[in-house]
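Data block below; observations after.
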Amino acid sequence: MRFFFTIATVLLADLLLAQAVDIYGSVVDAKTQEPLIGVSIAIEGTTNGTFTDLDGKFQLSVEPGSYNITATYVGYETSTRTNLIVTSRGNDALNFELQSGVTISEVVVRANPFQVNRLTPVSLQKLSPEEIKTYPGSNNDVARTVQSLPGVSGSIGGFRNDIIIRGGAPNENVYYLDGIEIPSINHFATQGSAGGPVGLLNVDFIQGVELATTAFGARYDNPLSGVLQFDQRTGNPRQRQTNFRISATEAALTTEGPLFKGSRSESNTTFIVSARRSYLQLLFELLELPIRPNYWDYQFKVNHVIDERNTIFLTGVGSIDDFDVSPPDDFDFEQQSSLEQVPIIQQRTFTAGLGWRRRLRDGKGVMNTYLSTNLFNNDFSRYQDNENRVGLVFRNESREWEQKLRYEYTRFLGPWTLTAGANLIRADYDNITTDNNNELRFETDIDFFRYGFFTQATRSLLNNRLDLSVGFRLDDNTFSRESNTLLKTFSPRLSLSYALDQVGDWRVSASAGRYFKVAPFTVLGFQNQAGEFVNRDVPYTSSVHAVAGLERRIGQFGKVSLEGFYKYYSNYLISAEDGISLANKGGDFSVLGSEEVIPEGEGRTYGLELLFQQKLSKNWYGILAYTFFYSEFTNLAGEFLPSSWDNRHLLSFTGGYKLGRNWEFSLRYRLAGGAPFAPVDTEASEATYPELILDFDNFGRSRLDVFSQLDIRIDKKWNFNTLALNVFLDIENVLGQNIPFPPEFGLARDNNGNLEMPRSLVQVNTTSGVVQPTLGIAVDF
């Protein structure tokens, strides 16, 4: 017995006492992607460090904890990864990309977590994987974390993942996953827009998020407000590892590792794959709520290094969404109204892409080729009786299928970096729409091509203190019969950034550009009662951006910046029936754009944005942002009206503090001014119920109350030899503040749920201000 007790004690001690672990990574030239030899890798506050080898790789042995790690190399800007969390299991590769341009006489060994992007020197925000995984109130939803960035707000009530940038509409953004475009990043997405209640990207895949709200690179087509780039990590090339995460709404399993490794220390081929399953439907059933959202999603990436100059990868993401209803056991007027009005949604999405990166010999350039396909199936229905699915009111059965090819060639000619390329998209759209309230039914089957060309040039001047970028792109399609579209979409852009002092503590930047967006499938494929494509010749919507800003570095890890911005829109689509700009729609559960439109709208958003950001230093980090702006779009009469996103004031703070023994406390506070809304036309809605008709003639005359919410999160990590454990408590709306919504209506009923005759609509007393705690567990082994 004593022998077995001794063995058990030894095994338990081995399990509980985590020892030092190896972290590894690589350092490359940010421009040429060539590996850098002899780069100094140092851990802040310690004497621990190393140098990169002949392949630009390094390895360090450290105790589990949180670190700032710096890469320093003569002739390059020093780069620092802050708040790097090292655990006993599940660590990712630590990769640096250093920007050249610092001469020997100017070398200052100084941490720099805010490197300037020469293509997008203003209005660019980045999130590290550590920031994404610990965002309070996000419930590990990558899409939701973006809403806390400067100038970004969500939809009315804050219950959806719409990304509304500086007063622009939710459908004005484009999304890329490792250079592969994805149409939407949410479950139960609004067709024609992009938002939904839950993100579909797995947080355990994401290496970083980059949001550009102006000065978009010429390679991106179709953005009017923002470009959101999600960078995925590659699988572990050394060993298999698995992550299991469970929270109040979903469970996720991610596994990764090397393929065909053999006896080598690292494999040239890696994989990472995940699956997530929601059990919101079970939670809502326990709470006796009438809605039943149910979803799956999956994600994968295989990366293969062919040789020192060629790398290919295959990546994909998909979802299976089913939204149903079930009546509560006891009658409740609010729940009954919700049951009657919510749509029945079934969606299937899939995006897969193949990417090939080739470095030219002697560091002369880079070629990138992307081939991808994306599929979006949407079955969206409303019934007089949702429970039994009888009495069809509206149904949209549609399929959007695209195949895309994009080629980019970058050449380094002395101080210039020249990039040129083209993209080709085959678009196939099928739709069957039944609208019984408007006695309309049509079937659409259109198949056409979109194509574009782009070029961009960048260089540094004045002893590398001035960065210059200039470029343009052209876009066209074969569906529109409008002539000379390619020339009409000429899209120039110019960016400048100048360091006012030798070390770059003060920097002034500016950009100006013109951007275009083609109409959504729902608009192009709409037919009137005569079967005519009445929107076939709508021109591309245009947006002109002008931004200027001043930035000041504070110490090693802080910065403050002030930006002024102005956006002007032309050829914006206006609803022929409602007389209101489509910029005011898309933040709800509907089908955006399935109607006749008039492309004569204008719009403008403008304002100031103040930002303070502190990377991890002395155990704390944070980002505080305030945006004051106006957002206005014209109606059919040509009058500028405040838009649905005209909050005027956006204030956000997200920060955290590292406590001892792997405890971390973080919080997020958001405030948004009251947004305008369109009231319900109760008289017209009585005839069309459960579809409610909004009174757009009175749009903007009333505003919601101010939205304000505080979320907190507490994380505790344990590091064992065989696994790493993270337990977190995430509490949304800690103060129980009321969430503003426009007045809601339902059919008048007695206390037993029987309809009162004659039928009439009465206001629903909606509940809000609910505190939502979430307990989650993540295990790496």
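The values are calculated or read from the model by the stated rules, or taken from the named source; none is laboratory data. The shown structure was predicted, so the numbers you read here are calculated from the model rather than taken from an experiment. For neighbour counting, all protein chains shown are included, and Cβ atoms are generated from backbone atoms with ideal geometry for every residue, glycine included. Surface accessibility is based on the protein's heavy atoms, side chains included, excluding ligands, DNA and RNA. Shrake-Rupley method; radii C 1.70, N 1.55, O 1.52, S 1.80 Å.
Does Val503 count as open to solvent by 50 Å² or more (accessible area, probe 1.4 Å) and under 16 Å from Tyr568 (Cα atoms)? Give the derivation first.
On the way: open to solvent by 50 Å² or more (accessible area, probe 1.4 Å): yes; under 16 Å from Tyr568 (Cα atoms): no.
No, not satisfied.
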Return the total of residues in the stretch 738-761 being open to solvent by 50 Å² or more (accessible area, probe 1.4 Å) and either farther than 25 Å from Asp330 by Cβ or of a type outside the set (Asp, Glu) (or both).
-> 11
For residues that are at pLDDT 90 or above and surrounded by 14 or more Cβ atoms within 10 Å (Cβ to Cβ), scanning just the stretch 765-780, find the one that is farthest from Gln709 (Cα to Cα).
-> Asp780
Members of the stretch 575-610 that are surrounded by fewer than 17 Cβ atoms within 10 Å (Cβ to Cβ), under 20 Å from Glu639 (Cα atoms) and among the hydrophobic types (A, V, I, L, M, F, W, C) = Ala576, Ile598
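Kindly check whether there is at least one residue in the stretch 433-454 that is outside any strand (DSSP E or B) and either hydroxyl-bearing (Ser, Thr, Tyr) or under 28 Å from Lys364 (Cβ atoms) (or both). Give the steps one after another, and end with the answer.
Initially, the stretch 433-454 is screened for residues outside any strand (DSSP E or B), giving 436-439.
Imposing the further condition that a residue be either hydroxyl-bearing (Ser, Thr, Tyr) or under 28 Å from Lys364 (Cβ atoms) (or both) reduces the set to none.
Scanning the stretch 433-454, I find no residue that is outside any strand (DSSP E or B) and either hydroxyl-bearing (Ser, Thr, Tyr) or under 28 Å from Lys364 (Cβ atoms) (or both), so the answer is no.
Conditions (1) open to solvent by less than 30 Å² (accessible area, probe 1.4 Å); (2) closer than 30 Å to Ala687 by Cβ; (3) among the charged types (D, E, K, R), marked per residue:
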| position | (1), (2), (3) |
| --- | --- |
| Thr373 | no, no, no |
| Glu397 | no, yes, yes |
| Trp401 | no, no, no |
| Leu424 | no, no, no |
| Tyr429 | yes, no, no |
| Phe442 | yes, yes, no |
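Would a scan of the stretch 555-565 turn up a residue that is closer than 30 Å to Ile693 by Cβ and either free of Cβ contacts under 8 Å to residues at least 40 places away in the same chain or of a type in the set (Ser, Thr, Tyr) (or both)? Steps first, please.
Of all residues in the stretch 555-565, those closer than 30 Å to Ile693 by Cβ come to none.
There is no residue in the stretch 555-565 that is closer than 30 Å to Ile693 by Cβ and either free of Cβ contacts under 8 Å to residues at least 40 places away in the same chain or of a type in the set (Ser, Thr, Tyr) (or both).
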For residues that are more than 29 Å from the chain's Cα centre (by Cα) and open to solvent by 50 Å² or more (accessible area, probe 1.4 Å), scanning just the stretch 87-109, find the one that is modelled with the lowest pLDDT.
-> Ile104
Return the residue satisfying two criteria in turn: it lies in the stretch 375-395 and is open to solvent by 50 Å² or more (accessible area, probe 1.4 Å) and basic (Lys, Arg), and of such residues it is modelled with the highest pLDDT.
-> Arg395
Taking the stretch 69-100 on its own, how many of its residues are outside any loop (DSSP other than H, G, I, E, B) and over 19 Å from Gly208 (Cβ atoms)?
-> 3
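Test of understanding: among Gln147, Gln207, which residue is open to solvent by 20 Å² or more (accessible area, probe 1.4 Å) and either within 26 Å of Arg277 (Cβ to Cβ) or hydrophobic (A, V, I, L, M, F, W, C) (or both)? Explain how you work it out, then say what you get.
On the way: Gln147 fails: open to solvent by 20 Å² or more (accessible area, probe 1.4 Å).
Result of the check over Gln147, Gln207: Gln207.
Counting residues that are among the aromatic types (Phe, Trp, Tyr) and over 19 Å from Phe565 (Cβ atoms), which strands (runs of 3 or more DSSP E) fully inside the stretch 611-693 reach at least 2?
Working: elements: 620-634, 640-642, 649-658, 663-672.
Result: 620-634, 649-658, 663-672.
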Failed item in (1) more than 24 Å from the chain's Cα centre (by Cα); (2) closer than 30 Å to Thr242 by Cα; (3) without any contact (Cβ under 8 Å) to a residue 60 or more places away in the chain, with Thr722 passing the rest = (3)
For Ser708, state whether it is modelled with pLDDT of 95 or more, under 25 Å from Ser768 (Cβ atoms), assigned to a strand (DSSP E or B) and not acidic (Asp, Glu).
-> no
Please work out if Thr9 is at pLDDT below 90, open to solvent by 20 Å² or more (accessible area, probe 1.4 Å), among the β-branched types (Val, Ile, Thr) and in a loop (DSSP other than H, G, I, E, B).
-> no
Hey, any hits in the stretch 47-68 for a residue that's under 23 Å from Pro258 (Cβ atoms), among the β-branched types (Val, Ile, Thr) and part of a loop (DSSP other than H, G, I, E, B)?
-> yes
For Glu691: the one exception among (1) open to solvent by 10 Å² or more (accessible area, probe 1.4 Å); (2) within 25 Å of Ile163 (Cβ to Cβ); (3) of a type in the set (Asp, Glu) | (2)
Scanning the stretch 157-185 for residues that are more than 24 Å from Gln403 (Cα to Cα) and either in contact (Cβ under 8 Å) with a residue 40 or more places away in the chain or surrounded by fewer than 24 Cβ atoms within 10 Å (Cβ to Cβ) (or both) gives Gly157, Gly158, Phe159, Arg160, Asp162, Ile163, Ile164, Ile165, Arg166, Gly167, Gly168, Ala169
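Name every residue in the stretch 608-638 that is of a type in the set (Gly, Ala, Ser), more than 30 Å from Thr134 (Cβ to Cβ) and touching a residue at least 40 places away in the same chain (Cβ under 8 Å), in order of residue number. Reasoning before the result, please.
Our first condition is that a residue be of a type in the set (Gly, Ala, Ser); within the stretch 608-638, this holds for 617, 622, 625, 631, 637-638.
Pick out the ones that are also more than 30 Å from Thr134 (Cβ to Cβ) and you get 631, 637-638.
Matches in the stretch 608-638: Ser631, Ala637.
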Which members of the stretch 119-136 meet the condition of being modelled with pLDDT under 80 and open to solvent by less than 10 Å² (accessible area, probe 1.4 Å)?
-> Val122, Ser123
Which members of the stretch 23-69 meet the condition of being hydroxyl-bearing (Ser, Thr, Tyr) and out of contact with any Gly (no Cβ under 9 Å at 6 or more places or on another chain)?
-> Tyr24, Thr46, Thr47, Thr50, Ser61, Ser66
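Which of the residues that make up the stretch 444-468 are among the aromatic types (Phe, Trp, Tyr) and buried (at least 17 other Cβ atoms within 10 Å of the Cβ)? So that I can check it myself, show each step before the final result.
Initial filter on the stretch 444-468 (among the aromatic types (Phe, Trp, Tyr)): 448-449, 451, 453-454.
Hits for the stretch 444-468 are Tyr451, Phe454.
Here's a check for you: in the stretch 475-496, which residue that is open to solvent by less than 30 Å² (accessible area, probe 1.4 Å) and in a strand (DSSP E or B) is farthest from Asp379 (Cα to Cα)? Step through it out loud before you land on a result.
Our first condition is that a residue be open to solvent by less than 30 Å² (accessible area, probe 1.4 Å); within the stretch 475-496, this holds for 475-477, 479-480, 485, 489, 491, 493, 495.
Retained after the next criterion (residues that are in a strand (DSSP E or B)): 475-477, 491, 493, 495.
On the way: Asp475: 31, Asp476: 30, Asn477: 27, Ser491: 36, Arg493: 40, Ser495: 43 Å.
Only one residue fits best here, namely Ser495.
Taking the stretch 616-649, which residues are over 22 Å from His545 (Cα atoms), hydrophobic (A, V, I, L, M, F, W, C) and open to solvent by 30 Å² or more (accessible area, probe 1.4 Å)? Working first, answer last.
So in the stretch 616-649, the residues over 22 Å from His545 (Cα atoms) come out as 616-624, 636-637.
Now restrict to residues that are hydrophobic (A, V, I, L, M, F, W, C): 616, 620, 623-624, 636-637.
Across the stretch 616-649, the qualifying residues are Trp620, Leu624, Leu636, Ala637.
Among the residues of the stretch 649-680, write down those that are among the charged types (D, E, K, R) and at pLDDT 95 or above. Walk me through how you get there before you give the answer.
Residues of the stretch 649-680 among the charged types (D, E, K, R): 658, 661, 664, 668, 670.
Selection gives nothing.
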For Ile206, are the conditions met, namely being among the hydrophobic types (A, V, I, L, M, F, W, C) and closer than 22 Å to Ile23 by Cβ?
-> yes
Quickly run through the stretch 354-365 and pick out the residues that are surrounded by 17 or more Cβ atoms within 10 Å (Cβ to Cβ) and within 27 Å of the chain's Cα centre (by Cα).
-> Gly355, Arg357
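Residues in the stretch 186-197: is at least one polar (S, T, N, Q), surrounded by fewer than 24 Cβ atoms within 10 Å (Cβ to Cβ), in contact (Cβ under 8 Å) with a residue 60 or more places away in the chain and not in a loop (DSSP other than H, G, I, E, B)?
Applying the first criterion (polar (S, T, N, Q)) to the stretch 186-197 yields 186, 190-191, 193.
Subset that is surrounded by fewer than 24 Cβ atoms within 10 Å (Cβ to Cβ): none.
There is no residue in the stretch 186-197 that is polar (S, T, N, Q), surrounded by fewer than 24 Cβ atoms within 10 Å (Cβ to Cβ), in contact (Cβ under 8 Å) with a residue 60 or more places away in the chain and not in a loop (DSSP other than H, G, I, E, B).
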